[in-house]
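Quick notes on the structure that follows.
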Ligand SMILES: [Zn+2]
């Protein structure tokens, strides 16, 4: 078969047989592929560095039948995401997001949005600055990946009784009146997030679902305003933790796999104490 050349992001690379590497990579046109790089473990091999995780490049490979490993000839590197390797926290977050993409069965025709999402997020990680910005980049990535997968959770209406949970905000219609796009919670008290029901429960319905995760009304309000483009309000650590727990569990539920790199991520407390170099 013919040699194919494509833009790519390397998701994962591991040693394979005695001298080879098994590489997982994402392309905008052919989705996520896996292939073998022959002889890439020899010290003298050229271009081995271009198979480092999160590298971007122009990859040249010979496709095989669907699902089979491709044969990778080489990868011409693009300017690498250097900062991701200099900052350990950024490196861990990049590894987590690359694994989320690696775990998805991404078909050819739907690959481009995933490619753009990962490329944009890696760019944003390079410019992230203070470590405390990393969790919001993660949350944004996870929510967008859920959108692409078709499993976006419902934050606006109770999944049990259908009650509206927010007034105003990005999806508000004519009835929002004087709210000017700023959301407010309808109910006080602890809401619940239920992955099996696909979203949030009002304080009346949440107690009956024992496995639901707690969500404060402030968390719903923050999320709604943040997604609507408002960034005046910084989330507290507890709000961020609730949203992180809910969104990650929702993602794991639908992917049916738990990313191994999740356990390596620093806690929110550790990030707040990290030097903001
Ligand atoms: Zn309800």
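The values are calculated or read from the model by the stated rules, or taken from the named source; none is laboratory data. Bear in mind the structure is a predicted one, so any value in this text is a computation, not a measurement. Ideal geometry is used to build each Cβ from the backbone, glycine not excepted, and the neighbour counts take in all protein chains shown.
In table form, for the structure just shown:
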| read-out | value |
| --- | --- |
| Helices (runs of 4 or more DSSP H) contained entirely in the stretch 212-277, each with at least 2 residues that are over 22 Å from residue 186 (Cβ atoms) and touching a strand residue (DSSP E or B) at 6+ places or on another chain (Cβ under 8 Å) | 237-255 |
| Single unsatisfied condition, residue 24 versus (1) modelled with pLDDT under 85; (2) in contact with a helix residue (DSSP H, G or I) (Cβ under 7 Å, 6 or more places away or on another chain) | (1) |
| Hey, residue 129 within 16 Å of the ligand (Cβ to nearest atom), loosely packed, with under 14 Cβ neighbours inside 10 Å and modelled with pLDDT under 95 or not | no |
| For residue 207: the one exception among (1) within 16 Å of the ligand (Cβ to nearest atom); (2) in a helix (DSSP H, G or I); (3) under 19 Å from residue 143 (Cβ atoms) | (3) |
| Of residues in the stretch 32-47 being modelled with pLDDT of 90 or more and crowded, with 19+ Cβ neighbours inside 10 Å, the one nearest to residue 15 (Cα to Cα) | 37 |
| Number of positions in the stretch 96-113 that are at pLDDT below 85, within 14 Å of residue 33 (Cβ to Cβ) and in a helix (DSSP H, G or I) | 1 |
